[in-house]
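The values are calculated or read from the model by the stated rules, or taken from the named source; none is laboratory data. Keep in mind that this is a model prediction, so the values were computed, not measured. Here the Cβ positions follow ideal geometry from the backbone for every residue, glycine too, while neighbour counts run over all protein chains shown.
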């Protein structure tokens, strides 16, 4: 089984979306918000391509392959940079970056911190990893593993964030919306 940073992020937003994604039901290709997020990532901080490198890491953790693709890693200052479109699900972004920090640590790569950048908002969030965070990530991996192996997907959350989700039509198909 493989658990990537996207699943960590999605699990912290919506277990149902995490289940869909992990089970090969992907709706992101139809989402304008996802496409816009990719443009923000690709077109922000163009000068970084000379200084920083995007890296992909893996680590076998108790039979689960952990993977992550970090936007930019500043090797000199040992800082992860993650670019996001919006801060609406900031806690999920924070856990994704903490996962990256832990993945680097598991691979013996020293890191100072992570920085989540929201270029359109002109905001930055510094992210650090501690032992309590690592314990949460271990528990989250166990929970995702259990979730993904369920034969039925979790129920709809029916929260405010649902209306901007790429799975919205899929989740609410056949529902009577008043």
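Observations
- All positions within segment 158-173 that are farther than 17 Å from residue 7 by Cα and assigned to a loop (DSSP other than H, G, I, E, B): 158, 159, 173
- Every residue from segment 94-124 that is within 19 Å of residue 12 (Cβ to Cβ) and in contact with a helix residue (DSSP H, G or I) (Cβ under 7 Å, 6 or more places away or on another chain): 95, 96, 98, 99, 100, 102, 114, 116
- Residue that is surrounded by the fewest Cβ atoms within 10 Å (Cβ to Cβ), among those in segment 153-169 that are touching a residue at least 60 places away in the same chain (Cβ under 8 Å) and more than 23 Å from residue 85 (Cβ to Cβ): 155
- Any hit, segment 147-156, residues being at pLDDT 90 or above and under 17 Å from the mean Cα position of the chain (by Cα): yes
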